[in-house]
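Read the figures in this text as sums done on the coordinates, not as results from a lab. What you are looking at is a predicted structure, and each value in this text was computed from that prediction instead of being measured. With ideal geometry, Cβ positions are generated from the backbone for all residues, glycine too; neighbour counts draw on all protein chains shown.
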Amino acid sequence: MSSFSRPFLTLLTDSSALPAAEQLSDSPPVIAMTEEGWRVEALCAETDPEAFFPEKGGSTREAKRVCTGCAVRAECLEFALTNDERFGIWGGLSERERRLLRLQRRDAISA
């Protein structure tokens, strides 16, 4: 871990705040991300934002390729679903794909 402080991250140093199973002296410190702290780790932050918001009918291939290797893809997708993001590629899914996922989740809940 680098020595600089990262925004949106909190370092938990009090071992009493951890479950007993995680209170091992040789384990690394636990880093808890705040609600939107995942953005710091997002690969898209290092990429051209226009790839994630293509023109109507434009290719989403490049954005989805970036998302494939992203460690916070699930958090990004959940953010988009929770906040009803209607545009762009979020968590590797297009607007249409997110809409379908929302409907599938809604159907699963009501079943």
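Which of Phe79, Phe87 has the fewest other C-beta atoms within 10 Å, and how do the rest follow up to the most? Mind dumping the intermediate values first?
Working: Phe79 17, Phe87 11.
Ascending Cβ contact count within 10 Å gives the list Phe87, Phe79.
Which residue, Ser59, Trp38, Ala71, has the largest displacement toward the positive end of the dipole of region 38-110 when charges sit on each Cβ (Lys, Arg +1; Asp, Glu -1)? Positive-end residue among those listed: Ser59.
Sequentially through region 49-62, phi angles give Karplus couplings (6.51, -1.76, 1.60; θ = phi - 60°) of x, 5, 5, 8, 9, x, 4, 3, x, x, 6, 9, 4, 4 Hz, Gly and Pro residues having no value and appearing as x.
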